[in-house]
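Q: Below is the structure I would like to discuss, written out as C-alpha cells.
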Amino acid sequence: MPLKLKFGLFVSFIILFSLLIPTVLFLIQSRTLFEKTSHQRMDNVLLQVKTNVNLQVRSVLQTLKAAATSYQQAHDMENSLLSLQKVNAQFKTFFTLNKQGQIQLLLPYDGEMMGLNLAGEPYFTIPFFEQQTHITYRRASPIYSSPSIMITTALEMATREKRSLSQRGVLGVIIPVTSFFQNATKYQMSDNSVIFVLSRAGFIYRTASDHSLITGHQVLVDLMADKRSSLKKEFSTPAGKSIVSLVREPLSGWIIGLEVPFEDLGQHYQSLYRSMLPWILLSLFIVSGISFIFIRHLNISIQKLVEGGRQINEGNLDVPFDLPVHDEFGLIAHHFTAIIKSLKKGQENLESAYRQVTSHQLMKRDMSVAHQIQQAMIPTQYPQRPDIEIAGVYEPAREVGGDVLDYTENQDGTISILIADVSGKGIPAALVMAQTKIIFRVFASEMDSVVDIMAKANAYLYQNLRKNTFVTAIYGKYYPDIKKFCYCNAGHNPAYFYSQQRGQITEISDEESQCLGAWSTFEGQELAVKIEPGDSLLLYTDGATEAKNINGEMFEEIRLKKTFKKYHHLAAPQLIEKIKETIELFIENEVLYDDLTMIIIKSPLT
Amino acid sequence: MEKLITEIKNFKNISLITLKGNLTAEADDPLFTLVISVLSGGFKRIVFDLSKVQYINSAGFGILIALVDEIKNSQGKVKFAALSPHFKKTAKLIGLHRFADFYRTVDEAFTSLKRDESK
C-alpha cells in the first residue's frame, strides 16, 4: 500500500474517531438526559393538572360548604340555592340540597357525586348517591365506551328530573368530572399523550377521544390500591409500548394520570438527532475537505520528493526541490538540496580529478611517444671505420631531452658531427632540439663552411625561437684525409682533446663564441684539431659536468678531464661508456638534473 | 628548488635590482613583469646585483639574454654585477658578455653607468 494512502487512511481514521466518538457519546448522554427530562416533564404535567384540579375542587367545596352552612344556620334555602347555582353555572353542575341541609351532588351516571354532609365534610361516593337519590339511569358498559357521551346522557337525565327533585325539597347540582379537566389539554406533552382521571368509582375521564393507549382500567385501579400518592410504570398495550404516570389528588381522591407512548418520548430524541445530523454531516464534510487538502498537500510534497529522488537516482543533479521551508517536507527538501549541492560539487571534483588523471595519463602517454620519437632521432649506431672511431651517449634527464646529438657520414668520406644543448627542459626544449637537428642537416647539405652553417642556423633559430631560448652547439666535420676535425663552437662547452703524444688533455676554448638564437648576428670562428692515432676528442654538454651527487656536489670539468684521461686508452665506445659509468657512480642514486650527452672522436692506434 | 626573490632600490635615475636564489625558468614571468614596470616607471638604467644568486641554469641565462634585449629595446642600459665566476664563465661562453657588461661589484656597475652618463 502506498505511503500516501496509508497516511491518508491514518489521518482519516484519526479524524473520524475523534469526531464520531464524542458524537456517539453525546447522543447517548443526550438520550439519557432526554429520558430524564421526559420523566420530569411528565411529573410536572401531572403536578400542574393535579394542582389545577385541586384548586377547582377546593373552590367548589368551599362554595358548597358555604351554601350548606348558610342554609343550616338561616334556613335560607333561596340564598343557598343561589350559591349553588353559581357553582352550577361555573362548572355546569347540578347540586341539590336536601331538607336536612345536606348538599347532594347528583350524578345519575358514571360521574362522581360531590357533596358535603351536615358536618361539612366532602363525600364522593357513588353508593351514597345511589342510596340517597332516586335517579334512574342506565348503567353504561363497557368501561371503555366514551365517558363524555355517558356524562351528557346523565346530565340530560338529571336536568330532566330537576323539577321533580326540587319538588321533593331536594336541591342539587351535578358536576361532571370532565369540568375539572376542561383546560387539561394545554398540558399535553405530545400529540398522542393522554391525560386522564380515574374516579373513585372506577370511571375514567380523559382528554383525548382515542382511548387505544389507555391501559386497562382494572390495572390502574390495582396500581393505586397500595394508596401511594404517585406511581410510574411502563405498559405494553396492543397499540404499543407506553409509560403511565399516576398521581392521587387528595381532596377528590381521584387518580390523575398521564400516558405517553414511547414513540413520543423518542420523537424528541429523534428530533434532536435530526437537528444534529446536518451539523454532523457538515462537520464531516469540512473535516473531510481539510483532510483532502492536507493529504493533497502531503501527496504533492511526497510526489516531489519521490520524483526528485528518482531523478537523482538517474543521475540528474539539477533537479529543483521547490518546496517552501515551512514544514518538515520543506526541511527535507532543503536538506536534499544541500546534499545535491555537495553531490554536485563532489561530482565536479571527481570529474575534475578524472580529467586531471586522464590529462596526466594522456600527457604521460604523449611523453612516452615523444620519448620514442626522440630516441629514434638519436644515433644508436656509429661508423665502423678503421681510421676513426666515433661513439656517443645520450641520457635525457626527463622523458624527453633538449640535447642534440647527430652525425652524418658524407659521400666524400667526411663525417659531420653535431652536439647541441637547448636552453630549458621538457617538451619545448625537445621541439627545439628536433628543429636544430633538422636545420643543421639541411644547411650542411647546402654549404661546406661550418661557420656559415652556424650563422645560418643562428638566423633561423633567432627568428623562430622564443625570446628567452637559445642553443649552444658544436658543429664540425672530420676530414679523414687530413685527420682533422674542423668545427665551430657556438657558446658550447669547450672540447677536451687528449694528445697521445703529450699524454695530456687540452681544453679548446673559443673566446669569441656565442650561442645560437639569442642575437640576430653570429660571429664565430672555425677551429681545427688534428687527431693523430691515439688522440681523442671529447664533446659534451653541461649535463656531464653539472651532474650532482646527493651532497649537491657537481661532477665538474676537472673530474670529467680526469676520467677522460684515465680511460683514454680504451676504444671510443668503451671510453664513452666508462665516462658515463663514472658519472653515474659519482651521482649514485641521484637523478640526472640535466641531459647527459657526450661524443668521442678517436683515432685508433694502428 | 629555491625560488627567486627580487628587491628593488631606486637611486636617482638608476634602479638596482637584487636577485636572490635560483634563476631558472620559473623566474621568467615575474622578472620580466618587474623589469617592464621599472622601465615604464622611468628608470632606464638598471643594475642587476647577482651576488646572491645561487644557481643559474640555461633557462636562467635565456632570461638574462631576453632582459638585455628588452632593456636595450627600451633605450635603456643594463649592467650585471657580482656574478659568481662559475656562472660568469658560462655567460662568457654563450656570448652574453658581448652584449652586456659584467662588473665585479655593484659600485663598479654604478660607476660605469655614471661614467656613461657623463660622456
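The values are calculated or read from the model by the stated rules, or taken from the named source; none is laboratory data. Since the structure is predicted, the reported quantities are computational estimates derived from the model, not experimental observations. Every residue, glycine as well, gets a Cβ built from its backbone with ideal geometry; the counts of neighbours run over all protein chains shown. With ligands, DNA and RNA removed, areas are computed over all heavy atoms of the protein, side chains included. Shrake-Rupley method; radii C 1.70, N 1.55, O 1.52, S 1.80 Å.
Q: Select from region A:550-568 the residues that are surrounded by 15 or more Cβ atoms within 10 Å (Cβ to Cβ) and either without any contact (Cβ under 8 Å) to a residue 12 or more places away in the chain or assigned to a loop (DSSP other than H, G, I, E, B) (or both) and write down the one among them that is nearest to the chain's Cα centre (by Cα).
A: A:M554
Q: Being within 17 Å of A:Q40 (Cβ to Cβ), open to solvent by 10 Å² or more (accessible area, probe 1.4 Å) and more than 60 Å from the chain's Cα centre (by Cα) is the filter here, so list the residues in region A:235-263 that pass it.
A: A:V247
Q: Sticking with this one: Kindly indicate the residue of region A:569-606 that is buried (at least 22 other Cβ atoms within 10 Å of the Cβ) and part of a loop (DSSP other than H, G, I, E, B) and also nearest to the other protein chains (Cβ to nearest Cβ) among those meeting that condition.
A: A:D594
Q: From the set of residues in region A:396-410 that are open to solvent by 20 Å² or more (accessible area, probe 1.4 Å) and modelled with pLDDT of 90 or more, which is nearest to the other protein chains (Cβ to nearest Cβ)?
A: Of region A:396-410, the ones open to solvent by 20 Å² or more (accessible area, probe 1.4 Å) are A:396-399, A:407-410.
Filter again for modelled with pLDDT of 90 or more, leaving A:407-410.
Values: A:Y407: 23, A:T408: 26, A:E409: 30, A:N410: 29 Å.
Residue satisfying both the conditions and the ranking: A:Y407.
Q: Of the residues A:Q361, A:Q311, A:Q375, which is of a type in the set (S, T, N, Q), open to solvent by 70 Å² or more (accessible area, probe 1.4 Å) and in a helix (DSSP H, G or I)?
A: Just one listed residue meets the conditions, A:Q361.
Q: Considering every residue within region A:433-441, establish whether at least one is out of contact with any helix residue (DSSP H, G or I) (no Cβ under 8 Å at 6 or more places or on another chain), β-branched (V, I, T) and away from chain B (no Cβ under 14 Å).
A: Yes, region A:433-441 contains at least one residue that is out of contact with any helix residue (DSSP H, G or I) (no Cβ under 8 Å at 6 or more places or on another chain), β-branched (V, I, T) and away from chain B (no Cβ under 14 Å).
Q: For region B:75-93, give me each residue that is more than 21 Å from B:G21 (Cβ to Cβ) and buried (at least 22 other Cβ atoms within 10 Å of the Cβ).
A: The one that is more than 21 Å from B:G21 (Cβ to Cβ) and buried (at least 22 other Cβ atoms within 10 Å of the Cβ): B:L93.
Q: Kindly evaluate B:I56 against the criterion of being open to solvent by less than 70 Å² (accessible area, probe 1.4 Å) and more than 12 Å from the chain's Cα centre (by Cα).
A: In short, yes.
Q: Pairs, please: C-beta under 7 Å, at least 6 apart or cross-chain, first residue farther than 16 Å from A:L539 by Cβ and in region A:503-517, second open to solvent by 60 Å² or more (accessible area, probe 1.4 Å)?
A: As it stands, the answer is A:E512/A:E523; A:E512/A:Q525; A:Q514/A:E523; A:Q514/B:R98; A:G517/A:Y462, since those pairs meet every condition given.
Q: Filter region B:2-50 down to the residues that are open to solvent by less than 30 Å² (accessible area, probe 1.4 Å) and within 14 Å of another protein chain (Cβ to nearest Cβ) and list them by number.
A: Within region B:2-50, B:N22, B:L23, B:T24, B:A27, B:D28, B:L31, B:F32, B:V35 qualify.
This table checks each residue for (1) on the phi < 0 side of the Ramachandran plot; (2) of a type outside the set (D, E, K, R); (3) in contact (Cβ under 8 Å) with a residue 12 or more places away in the chain.
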| residue | (1), (2), (3) |
| --- | --- |
| B:I5 | yes, yes, yes |
| B:F11 | yes, yes, yes |
| B:E26 | yes, no, yes |
| B:P30 | yes, yes, yes |
| B:T33 | yes, yes, no |
| B:V38 | yes, yes, yes |
| B:S51 | yes, yes, yes |
| B:F61 | yes, yes, yes |
| B:K79 | yes, no, yes |
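Q: Can you name every residue in region A:378-390 that is without any contact (Cβ under 8 Å) to a residue 12 or more places away in the chain and surrounded by 15 or more Cβ atoms within 10 Å (Cβ to Cβ)?
A: none
Here's the yes/no breakdown for (1) more than 14 Å from every other protein chain (Cβ to nearest Cβ); (2) in a loop (DSSP other than H, G, I, E, B); (3) among the hydroxyl-bearing types (S, T, Y):
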| site | (1), (2), (3) |
| --- | --- |
| A:Y478 | yes, no, yes |
| A:Y496 | yes, no, yes |
| A:R502 | yes, yes, no |
| A:E507 | no, no, no |
| A:T521 | no, yes, yes |
| A:L527 | yes, no, no |
| A:E532 | yes, yes, no |
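Q: Sticking with this structure for a sec: Run A:V393 past the list (1) surrounded by 11 or more Cβ atoms within 10 Å (Cβ to Cβ); (2) modelled with pLDDT under 85 and report the number of the one that doesn't hold.
A: With respect to (1) surrounded by 11 or more Cβ atoms within 10 Å (Cβ to Cβ); (2) modelled with pLDDT under 85, A:V393 is out only on (2).
Q: Filter region A:339-372 for residues that are without any contact (Cβ under 8 Å) to a residue 12 or more places away in the chain and either of a type in the set (A, V, I, L, M, F, W, C) or touching a His at 6+ places or on another chain (Cβ under 6 Å) (or both) and give the result.
A: A:I339, A:L350, A:A353, A:V357, A:L362, A:M363, A:V369
Q: To continue, here is another question. Out of B:I65, B:I36, B:I46, B:I71, I need the residue that is closer than 26 Å to A:T521 by Cα and assigned to a strand (DSSP E or B). Which one?
A: B:I46
Q: Moving on to the next point. State all residues of region A:387-409 that are in a strand (DSSP E or B), out of contact with any Asp or Glu (no Cβ under 9 Å at 6 or more places or on another chain) and either under 23 Å from A:M367 (Cα atoms) or of a type in the set (D, E, K, R) (or both); if no residue qualifies, say none.
A: Residues satisfying the conditions are A:E389, A:L405, A:D406, A:E409.
Q: Checking B:D69 against (1) within 10 Å of chain A (Cβ to nearest Cβ); (2) closer than 21 Å to A:D542 by Cβ, only one condition comes out false. Which one?
A: (2)
Q: Additional query: Among the residues that make up region A:419-432, is at least one of them aliphatic (A, V, I, L, M), out of contact with any strand residue (DSSP E or B) (no Cβ under 8 Å at 6 or more places or on another chain) and open to solvent by 40 Å² or more (accessible area, probe 1.4 Å)?
A: Taking every residue of region A:419-432 in turn, at least one turns out to be aliphatic (A, V, I, L, M), out of contact with any strand residue (DSSP E or B) (no Cβ under 8 Å at 6 or more places or on another chain) and open to solvent by 40 Å² or more (accessible area, probe 1.4 Å).
Q: Continuing with this model, one more query. Restricting region B:88-119 to residues that are under 22 Å from A:V471 (Cβ atoms) and among the small types (G, A, S), which is nearest to the other protein chains (Cβ to nearest Cβ)?
A: Once the filter is applied, the top-ranked residue is B:G95.
Q: Here's another thing I want to ask about it. Could you check region A:540-568 and list, in sequence order, the residues that are modelled with pLDDT of 95 or more and within 14 Å of another protein chain (Cβ to nearest Cβ)?
A: Within region A:540-568, A:Y540 is the sole residue that qualifies.
Q: Given the structure, is A:D412 assigned to a strand (DSSP E or B) and of a type in the set (D, E, K, R)?
A: So A:D412 fails the test.
Q: Hey, among the residues in region A:458-476 that are open to solvent by 40 Å² or more (accessible area, probe 1.4 Å) and of a type outside the set (S, T, N, Q), which one's nearest to the other protein chains (Cβ to nearest Cβ)?
A: So the residue we want is A:K467.
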